[in-house]
Amino acid sequence: MTLEPLQRRIGRRKLIAGAAGGAMAVGAAAIVGCGDDDNGPAPDWAGRVVSKFIRDDVPIENPRASLWGSAPKVEVPMQPQASALPVRMQPSVPSIRVCSLNDGKRIGFMLEWADPQRDEKVVKTPEFKDGCGVLLGPPEVPATYFMMGVADIAASIMHWRADWQKDVDDGFQDLETGFPNVAFDFYPPLVDAPRPLVVSEDYPEAGRPWLPGMNAGNPLSQPNKTSAVEKLLANGPGTITHMAVQDAIGRGTWKDGAWRVVIARDFAASNEGEIELKGGQEYALAFTVWAGSEGDRGSRKSPSNLGKLFIENA
Amino acid sequence: MAKVFNWQLNREMTYRFEEARPQRQAGAVFDTNKCIACQTCTMACKTTWTSGKGQEFMFWNNVETKPWGSYPMAWDVKILNTLGAQSWDGNTYTGKTIFESAEQGEYHVGYLPDDMDYAGPNRGEDELSSVMSEEKFYLKMPHDAWFFYLPRICNHCTYPACLQSCPRTSIYKRPEDGIVLLDQSRCRGYRECVRACPYKKVMYNHVTRVSEKCVLCYPAVEKGVQTRCMRTCIGKIRTFGFVSPPDKVREDNPVDFLVHVRKVALPLLPQLGLEPNIYYIPPIHVGSQAFLRMMFGPGAEQAVATYKNAMEGNDPELLGVLMLNVSTDRIIHKFNVSNGQVAGFGENGQELVRVPLKEPTIVRPAFDPTLAVYRYNTA
């Protein structure tokens, strides 16, 4: 994919949407696959994503694998976030393109969106990361469910974070990443440790008191990142909770002004309250995107409307 | 949004949550007239709480020089500019608070500092705002010579903007002592609190990627012991204790006495609307009363007069309370002035300390007959 066709496609979509007066349904004469740039625009998702069944393993580690081209791609318009304060009145990303594959045991989502600025560092105070999220829930839920579930029906969320991806790929982005000329006399043993950083088991006694967030067990403060995707459970805005078992996987790559991110999990639920998935079934589905350089974080984000996911059977 | 009463503004105002005052509110009074900017408080706090990696420029306690210094850079100028014109009608604030000035979809007005803003914590300390100009026979200063030192910690506000701003309520105010804490396990590093706090006393840890703030040494306070920054104060400028709302004032409580009885201690930038619980005795030598009113509200002039009166020996009670400053590590709940002495008492009424209002002068003879030696340190 190159920046030019992606931007051209967004421009064309806006033109078509304008001519049609907003909502439209584009007949998908030929399947446009993920990562497939030359078959014209992806059809509007019309509130539904179909996860295509494949006999091969879902290519979760490679967002640019050709297999993704076999999955039907849909265009998902993003919305303002006005449900919870603070709001984002204009979406920072107008739309994303989504497709999904499953192999009967595991489901993967591919999300693509244009983002001219790659934000994968959160070391400095005004730095925020790019990211995206996939929300899953039971099929019958209220319309407000797209904002991280509702009080009595939990939402299972997978959140891919560009900063964690960078940590996984290149090692923990320590202080020196943001302040290369920093001088110090003494620090706990994160300094000069070989990269990628692996914090030893005896670290708690040695250095934890100097790193309060890590000492308190905050998952954001752990330098050892094994996945760029965080599994979360939520019952409405302000309630997201890091799940005990973190087994979601994925990978995001930025190229030519666009992110392409794969987020995947097993059908089976590994945490209490997490939704279990089955082939041939329908589920509630929503997406969210954060653009770090636009100041996006937390509720300052661009969500989609609530839609449906249908998982094709073998 | 709820309607809550802010006694410092003498009116109701809007806030995200209902009014919920703690059982008692930890607070302090800082006497700016005695601060020498030695930064001992700053370093006591720094070495206790923020000496880790990622906290290099994080000073929960700082001392800045007013009007030229600020940490982070221009925090007061920026928020006051954002807030716009502020006006008082007597003791009632008729302008808008940072909550009432919020745009639609926001809880308040605020801004996120840049990292460079934290890089000069004592910028402006004893410095001119620009270079001196050369006149024919002398050098001319670019501005008036007056200045004063302003030590600052988290104000553990009654209506904290940081607490209100957190989308996931990671910040809470303890009902038992009013200390505002940021849950290190719950924070997700959105920095809404860093943006929200107009005093800029919530800061981002660059390594743990979550925000942190002054904890008012709560493990000490729980044991009846004063905070590190208070106990180490060289200039003895700090009165630490518990401050009551106006309808529950206890006149023998040192902090209540200074804040409510003598009204000599005033909140910092009360017009922002947070009802901060660290109070300041304004400096008596400042060349601009308007500046003092901006910093400490409409009671500034009267506070200066009351303080001057006490320093002239006309108010032994006020002098007595100030003499108790940093005279003990324990928290003083009650005081009593009699027979030229002031006594401080603990929560259960036990006497913690007794201090003379005026230190006696003792002249030691040059010759010590016990050891048959002369001493030469008697000048």
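The values are calculated or read from the model by the stated rules, or taken from the named source; none is laboratory data. Keep in mind that this is a model prediction, so the values were computed, not measured. Here the Cβ is made from the backbone with ideal geometry for all residues, glycine too, and neighbour counts use every protein chain on show. Note: accessible area is taken over every heavy atom of the protein model, side chains too, but ligands, DNA and RNA are not part of it. Shrake-Rupley method; radii C 1.70, N 1.55, O 1.52, S 1.80 Å.
From Cα pairs below 8 angstrom and at least 6 apart in sequence, can you work out the relative contact order of chain B, rounded to a whole percent?
Numbers: 766 pairs, mean separation 74.3, N = 379.
Over chain B, the number comes to 20 percent.
Mean-square fluctuation check for chain B, GNM, Cα pairs under 10 Å: which of B:LEU139, B:LEU318, B:LEU274 is largest?
B:LEU139
May I have the extent of the alpha carbons of chain B along their three principal axes, as whole Å values ordered from largest to smallest?
Extents along the principal axes: 80, 66, 48 Å.
Mind listing the long-range amide H neighbours of A:MET78? Cut-off is under 5 Å, sequence gap 5 or more, other chains count too, H placed in the peptide plane at 1.01 Å from N.
Long-range HN contacts for A:MET78: A:SER95, A:ILE96.
Near B:MET230, within a Cβ-to-Cβ distance under 13 Å, what is the net charge of the other residues, with Lys and Arg +1 and Asp and Glu -1?
Within the 13 Å Cβ shell, the charges total +3.
Would you work out which of B:CYS162, B:PRO22, B:ALA290 lies farthest towards the positive end of the dipole of the protein assembly as shown? Charges go on Cβ: Lys and Arg +1, Asp and Glu -1.
Of the options given, the answer is B:ALA290.
Could you pull out the pairs from A:LYS124/B:LYS213; B:LYS201/B:LYS223; A:LYS124/A:LYS225; B:LYS263/B:LYS308; B:LYS34/B:LYS66 whose alpha carbons sit more than 22 Å apart here? Display every interim value, and only then the final one.
Details: A:LYS124/B:LYS213 17 Å; B:LYS201/B:LYS223 25 Å; A:LYS124/A:LYS225 19 Å; B:LYS263/B:LYS308 13 Å; B:LYS34/B:LYS66 14 Å.
Result: B:LYS201/B:LYS223 exceed 22 Å.
Hey, how many Å between the Cα centroid of the stretch A:239-276 and the Cα centroid of the stretch B:45-65?
37
Using each residue's phi in the stretch A:307-314, evaluate 6.51 cos²θ - 1.76 cosθ + 1.60 at θ = phi - 60° and report the 3J(HN,Hα) Karplus result to the nearest Hz, with x for Gly and Pro.
x, 10, 10, 10, 9, 4, 8, 4
What order do B:HIS156, B:HIS285 take when sorted by accessible area (1.4 Å probe), most exposed first? Show your work: numbers first, answer last.
Working: B:HIS156 0, B:HIS285 100 Å².
Descending accessible area places them as B:HIS285, B:HIS156.
In a shell of Cβ-Cβ distance under 13 Å around B:ILE79, excluding B:ILE79 itself, what net charge do Lys and Arg (+1) and Asp and Glu (-1) give? Could the numbers behind the result be given before it?
Working: positive: B:LYS78, B:LYS96, B:ARG195, B:LYS200, B:LYS201; negative: B:ASP76, B:ASP117.
Summing Lys and Arg as +1 and Asp and Glu as -1 gives +3.
Can you give the average number of partner chain beta-carbon atoms within 10 Å of each beta-carbon in peptide A:240-246, as a whole number?
Values: counts 3, 2, 3, 0, 0, 0, 0.
Across A:240-246, the average partner-chain Cβ count within 10 Å equals 1.
Mean-square fluctuation check for chain B, GNM, Cα pairs under 10 Å: which of B:GLU103, B:GLU317, B:GLU275 is largest?
B:GLU103
Give me the distance in nm between label points sitting 7 Å out from Cα along the Cα-to-Cβ direction at B:GLU134 and B:TRP146, one decimal.
Each label point is offset 7 Å from its Cα along the Cβ direction, giving 3.2 nm.
Would you mind working out the accessible area per residue for the stretch B:35-221, using a 1.4 Å probe, and quoting it in Å²? Can you show the working numbers first?
Numbers: 6980 Å² over 187 residues.
Here the per-residue accessible area is 37 Å².
Choose one of B:CYS187, B:TYR204, B:ASN62: the residue whose Cα lies farthest towards the positive end of the charge dipole of the stretch B:35-221 (beta-carbon charges +1 Lys, Arg; -1 Asp, Glu; about the Cα centre).
Most positive-ward Cα: B:CYS187.
What nm distance separates the two modelled labels at A:GLN281 and A:ASN313, each placed 7 Å from Cα along Cα→Cβ?
1.3
Out of residues 5 or more away from B:ASN205 or on other chains, whose amide H comes under 5 Å of its own, with H placed 1.01 Å from N in the peptide plane?
Distant-sequence amide H within range of B:ASN205: B:VAL210, B:SER211, B:GLU212.
Based solely on C-alpha atoms, express the radius of gyration and the Dmax of the stretch B:1-146 in angstrom.
Looking at the stretch B:1-146, its Cα Rg and Dmax stand at 19.6, 64 Å.
Which of the aspartates and glutamates could a cross-linker bridge to B:LYS334, judged by Cα under 14 Å and excluding same-chain residues fewer than eight apart?
Hits, sequence-local ones excluded: B:GLU251, B:ASP252, B:ASP256, B:GLU317, B:GLU347, B:GLU351.
How large is the charge dipole for the stretch B:127-241, taken about the Cα centre, if only the Cβ atoms of Lys, Arg (+1) and Asp, Glu (-1) carry charge, to the nearest 20 debye? Numbers along the way, then the final one.
Working: 19 positive and 10 negative charges, 82 e Å.
Once rounded to the nearest 20, the dipole reads 400 debye.
Compute the signed sum of charges (Lys and Arg +1, Asp and Glu -1) over the other residues within less than 9 Å, Cβ to Cβ, of A:ILE60. Each step should come with its number before you reach the end.
On the way: positive: A:ARG106, A:ARG251; negative: A:ASP57, A:GLU61.
Charge balance in the 9 Å sphere: 0.
How large is the charge dipole for the protein assembly as shown, taken about the Cα centre, if only the Cβ atoms of Lys, Arg (+1) and Asp, Glu (-1) carry charge, to the nearest 20 debye?
Its charge dipole is roughly 600 debye.
Points 7 angstrom from Cα along the Cβ direction at B:LEU371 and B:LYS308: gap in nanometres?
With each label point 7 Å from Cα toward Cβ, the separation is 4.8 nm.
Once amide H atoms are built 1.01 Å from N in the peptide plane, which residues 5 or more positions from B:GLY27, or in another chain, come under 5 Å H to H?
Under 5 Å from the amide H of B:GLY27 lie the amide H atoms of B:GLY241, B:PHE242, B:VAL243, each far enough along the sequence or on another chain.
Which of B:ASN81, B:ILE171, A:SER66 sits farthest toward the positive end of the charge dipole of the protein assembly as shown, with +1 on the Cβ of Lys and Arg and -1 on the Cβ of Asp and Glu?
With unit charges placed on the Cβ atoms, the residue in question is B:ASN81.
Could you order B:THR306, B:THR47 by accessible surface area, starting with the largest, using a probe radius of 1.4 Å?
Values: B:THR306 20, B:THR47 90 Å².
The residues order as B:THR47, B:THR306, largest area first.
Checking the cross-link filter: which lysines have an alpha carbon closer than 17 Å to that of A:LYS73, excluding same-chain neighbours under 8 positions apart?
Excluding near neighbours in sequence, the set is A:LYS52, A:LYS308.
At a Förster radius of 35 Å, what calculated FRET efficiency corresponds to the Cβ-Cβ distance of B:TYR111 and A:ARG208, to the nearest 0.05?
Numbers: r = 33 Å, r/R0 = 0.94.
Efficiency, from the Cβ-Cβ distance: 0.60.
Please work out how much length the chain gains when fully extended from B:ASP89 to B:ALA290, using 0.36 nm per residue of separation minus the C-alpha to C-alpha distance, in nm with one decimal. Walk me through the intermediate numbers first.
Details: separation 201, 0.36 × 201 = 72.36 nm, distance 1.47 nm.
Fully extending the segment from B:ASP89 to B:ALA290 adds 70.9 nm.
Could you run the numbers on buried accessible area between B and A, total for both chains, 1.4 angstrom probe, in Å² to the nearest 100? List each step's numbers first, then the result.
Details: alone 17910 and 14800 Å², together 29310 Å².
The contact between A and B buries close to 3400 Å².
Per the Debye formula with a single identical scatterer at each Cα and no solvent contribution, what log10 I(q)/I(0) holds for the protein assembly as shown at q = 0.06, 0.08, 0.11 Å⁻¹?
So the normalised log intensities are -0.44, -0.71, -1.12.
Residues of B:199-207, mean number of Cβ from any other protein chain within 10 Å of their own Cβ, rounded to a whole number?
Average neighbour count from other chains, rounded to a whole number: 5.
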